[in-house]
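Since the structure comes first, as structure tokens, the remarks are kept for the end.
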Amino acid sequence: MNFLILSHAFHKTKDTDLFSYAPFVREMNIWLKYVDTVEIVAPFETQPVSKIEMAYQHENLSFFKIPSIEFTSVTKILESLLKLPIIFFRIFKACQRADHIHLRCPGNIGLLGCIVQIFFPKKIKTAKYAGNWDPRAKQPVSYKIQKWILSHTFLTRNMQVLVYGNWEQQSKNIKPFFTATYGNSEIEKPNKRNYLGTLKFVYTGSLVAGKRPLLAIEIVEALHKQGKPVHLDVFGDGVLKEKLQRYIDEHKLETIISLHGNQSKDLIKETLKVAHFSILASKSEGWPKAIAEAMFFGTVPIASAVSCVPFMLDYGKRGILIDPILTEAIKSILNALKAIDELELMSERAAKWSQNYTLDVFENEISKLINPS
């Protein structure tokens, strides 16, 4: 089987290996265990490989570069329009060669892939929609177009679309799915936390506006001002890093908040084993790995009620759902801290639930998608 991946993720090379964003590649390497040859069509950049990138693992892999496109300004739009014929042609030719077409959505390349796949109704196809599938969510027009094409069973044939969450009134090709980070061998009984001592908070994710990392810092700062012994470890990098560091310096929060940048999976794993709370007050999410990973080790998630997050937290039984307004978020957290017994139950429930979604289970489901017989 010749397996084609269409992605907007930037790719890099080092020696003879092809690298991209580690969580994405880690997942794709599971898919690639079940295919003979692989073709990847995606943008390329010449930057050095970073800590949050890893290599594909397949002996018969080909990479086809396409230009990146953006529609964030008039200049970018004009440049992107000039690139579109080249990108369409390369995607079309790759789809012709493929036995199985796999789209990564949402994204600009995902949108083009959604359009091109219409011309290949007999090919086996899958799409991973890693964003918020909630029909009521406010999203960019390009995202809505992708969701519409993927859901349209006349335009999109012979495809299974993997989405996060179980939503009502969906077309027959929409399949509720999940993602995973840890395997069965990593399952362990979560450490029992002491919620009367120093409360350890953790934030893992990109330092971008959509993830609201500043709100996580403000929450911990507000709890500190109310006399709570707290500490926040922030893992991740992004455009807001300097702004967040300035905020920490100006408010003299160096003793309670640490910015660690991108770190290894193992270091984050050890941090989650002892952390009390994980904060992620995103504006939008698909299946937030930061939450599922924290829950796996009994860290109680504090999260905004977007996408399938309420389901993941069992509507407040496995974590604390907050309004992304500082005063309201603090009220919810302080109320939770009044009931230590319930926090301990939340921790146990969180681990028990998340440990159902291991890499082993994930791989079994992937194998069924590639070899349905």
| task | Kindly provide the set of residues from segment 331-361 that are farther than 12 Å from R318 by Cβ and hydroxyl-bearing (S, T, Y), ordered by number. | result | S332, Y357, T358
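Can you list the strands (runs of 3 or more DSSP E) found entirely within segment 1-94 that contain at least 3 residues being surrounded by fewer than 17 Cβ atoms within 10 Å (Cβ to Cβ) and modelled with pLDDT of 95 or more? Working first, answer last.
Details: elements: 2-6, 12-14, 17-21, 37-43, 53-55, 61-66.
Counting at least 3 such residues, we get 61-66.
Looking at I322, I366, I333, can you tell me which residue is free of Cβ contacts under 8 Å to residues at least 60 places away in the same chain, buried (at least 19 other Cβ atoms within 10 Å of the Cβ) and within 25 Å of the chain's Cα centre (by Cα)?
Values: I366 fails: free of Cβ contacts under 8 Å to residues at least 60 places away in the same chain; I333 fails: free of Cβ contacts under 8 Å to residues at least 60 places away in the same chain.
Testing whether each residue is free of Cβ contacts under 8 Å to residues at least 60 places away in the same chain, buried (at least 19 other Cβ atoms within 10 Å of the Cβ) and within 25 Å of the chain's Cα centre (by Cα) leaves just I322.
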| If the Cβ limit is 8 Å and pairs must be 6+ apart or interchain, which residue in segment 336-350 that is of a type in the set (S, T, Y) pairs with which residue that is surrounded by 15 or more Cβ atoms within 10 Å (Cβ to Cβ)? | S347/P190; S347/R193; S347/G298; S347/T299; S347/V300
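The values are calculated or read from the model by the stated rules, or taken from the named source; none is laboratory data. Computed from a predicted model, the values in this text were never measured in an experiment. Using ideal geometry, Cβ is built from the backbone for each residue, glycine included, and neighbour counts are taken over all protein chains shown.
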